[in-house]
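The block underneath contains the structure these notes are about, expressed in structure tokens.
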Amino acid sequence: MASAIRKVGIVGLGLIGGSMARSTSKHTICKVYGYDKNPEAVQLAKMSGAICEELTPENIKEMDLLMIAIAPEQIVKWMDENASTIDTHTILVDCCGVKRYIYQHIAPLAEKYGFLYVGGHPMAGKEVAGFVNSDAYLYEDASMILCPDETTDIETLDTLKAFYLSLGFGEIVFSNPEEHDKIIAYTSQLAHATSSAYIKSPTSRQRMGFTAGSYRDMTRVARLDPAMWTQLFMANADNLEYELQELVDNLTGYLDAIKERDPEKLWDLLEKGRELKVTEPLEDC
């Protein structure tokens, strides 16, 4: 059963973990401890007041909530090395952008060592990384996805819900690893892949003076971290393959209409796309 959250440990003080640290320190009375493989990030987090102390193998057992905000393969490695040090009263939440791969590894460790585990995914971010770009208000009005399983008790969920809402999240969304990965392939991963492909046109080198909001929107997330996004794509390859094929098939329709110089076919394609956008919920527009 979960208890009140007084001490929060964060593994990874980049954009996501650093923002969690800043937000927790600003909006709650919790003591925040942080670890990062980069000592400079830890020092900056201390100097800024985002954390009070470094998270160590010695104090990790004191944490009421432990959040892991590093890349998928690094999460697996860190858990293999540190799972035995996590206390049975601790709630562990990963902040990774894929859930099946992480759940399959952490859930057995949680059962073995007796700590509480709930998969998580804060739906917020920037196209830049590192603690220097972290923000105490990054999660304002964002949604926090939680993926409990049959071992998760109501008290733990209530504790997590209250905690994340206190950080400024606008809503808590409950899902499962399979549903999460299927939807996130479309809402996040496809957008990053498309942006990366779009900016590769030779015409992009001639764009100066010819760009506005649409270009900025399409290319913003092309400035991604290749190492991390390769891991995320590969861990969700089946769902992303499906979404990429859907996009290619849809684009082929537009290409055919242009090749055929068929304005009626093109108008119909554009109108169907417009109608789908118009009928989206307002908060997604």
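Which value results for Rg/Rh of the stretch 135-270 when Rg is the Cα radius of gyration and Rh the Kirkwood radius based on the inverse mean 1/r? Using only Cα positions, Rg/Rh for the stretch 135-270 is 1.08. Once Rh is set to the Kirkwood radius over Cα pairs, what Stokes-Einstein translational diffusion coefficient, in µm²/s, holds for the stretch 59-179 at a temperature of 20 °C and a viscosity of 1.002 mPa s? Answer from the Stokes-Einstein relation: 144 µm²/s.
Remark: spin-label model distance LYS182-GLU246 equals 1.0 nm, labels positioned 7 Å along the Cα→Cβ axis.
Taking GLU178, GLU260, GLU54 as the candidate residues, the one with maximal mean-square fluctuation in a Gaussian network model of the chain, Cα springs under 10 Å, is GLU260.
Rounded to whole numbers, the Karplus 3J(HN,Hα) couplings from phi for the stretch 207-223 are 7, 3, x, 10, 10, 9, x, 5, 5, 4, 5, 6, 9, 4, 8, 5, 7 Hz, using 6.51 cos²θ - 1.76 cosθ + 1.60 with θ = phi - 60°, and x at Gly and Pro. Solvent-accessible area per residue in the stretch 60-167 equals 40 Å², computed with a 1.4 angstrom probe and all protein chains kept. Between ALA107 and GLU62, the modelled label-to-label distance comes to 3.3 nm, taking each label 7 Å out from Cα in the direction of the beta carbon. Label zone (SER166, point 7 Å along Cα-to-C-beta; backbone nitrogen cut-off 19 Å) within the stretch 18-58: 18-34, 49-53.
The stretch between ALA197 and LYS126 holds 23.7 nm of extra length on full extension. This uses 0.36 nm per residue minus the Cα-Cα distance. Subtracting the Cα-Cα distance of HIS27 and SER204 from their residue separation scaled by 0.36 nm leaves 59.5 nm. Per residue, the average separation of C-alpha pairs within less than 8 Å and at least 6 apart gives the chain a relative contact order of 17 percent.
Across TYR35, TYR215, the residue with the most accessible area heads the list, and the full order at a 1.4 Å probe is TYR35, TYR215.
Computing the accessible area with a 1.4 Å probe over protein heavy atoms, can you report the carbon and sulfur percentage for the stretch 147-269? Numbers along the way, then the final one.
On the way: 4600 of 7980 Å².
Carbon with sulfur: 58 percent of the solvent-accessible area.
Protein heavy-atom surface of the stretch 72-115, 1.4 angstrom probe: 47% of the accessible area is carbon and sulfur, with nucleic acids and ligands not counted.
Assuming 0.36 nm per residue, please report the length gained on full extension of the stretch ASN133 to ARG261 beyond their Cα-Cα distance. Could the numbers behind the result be given before it?
On the way: separation 128, 0.36 × 128 = 46.08 nm, distance 4.69 nm.
Extending this stretch completely gives an extra 41.4 nm.
Among LYS46, LYS37, LYS182, determine the one that fluctuates most according to a GNM of the chain built with springs between C-alpha atoms less than 10 Å apart. Result for the chain, Cα springs under 10 Å: LYS37 fluctuates most. The alpha-carbon of LYS26 sits under 12 angstrom from the alpha-carbons of these aspartates and glutamates, leaving out residues fewer than 8 places away in its chain: ASP135. Of the chymotrypsin sites (Phe, Trp or Tyr not before Pro) in the stretch 182-213, the ones in a loop by DSSP (not H, G, I, E or B) with at most 12 other beta carbons within 10 Å are PHE210.
Each residue of the stretch 212-259 gets 96 Å³ once the volume of the Cα convex hull is shared out per residue. Site pair LYS77 and GLU271 shows an inter-label distance of 5.5 nm when each label is modelled 7 Å from Cα along Cα→Cβ.
Using a probe of 1.4 Å on the protein chains alone, the accessible area found for TYR113 is around 80 Å². Computed over the chain with a Gaussian network model linking Cα atoms closer than 10 Å, the most mobile of SER175, SER19, SER134 is SER175. Matching the structure-derived Cα extents along the principal axes in Å against the labelled list [x] 69, 42, 33; [y] 100, 35, 29; [z] 56, 39, 33 gives the label [x].
Restricting the calculation to alpha carbons of the stretch 1-91 gives Rg and Dmax of 12.2, 36 angstrom.
The values are calculated or read from the model by the stated rules, or taken from the named source; none is laboratory data. Because the structure is predicted, anything quoted here is derived from the model rather than measured. A quick note on method: Cβ atoms are made from the backbone with ideal geometry, for glycine too, and the neighbour counts reach across all protein chains shown. For the accessible areas, the whole protein counts, side chains as well, though only heavy atoms, and no ligand, DNA or RNA atoms are used. Shrake-Rupley method; radii C 1.70, N 1.55, O 1.52, S 1.80 Å.
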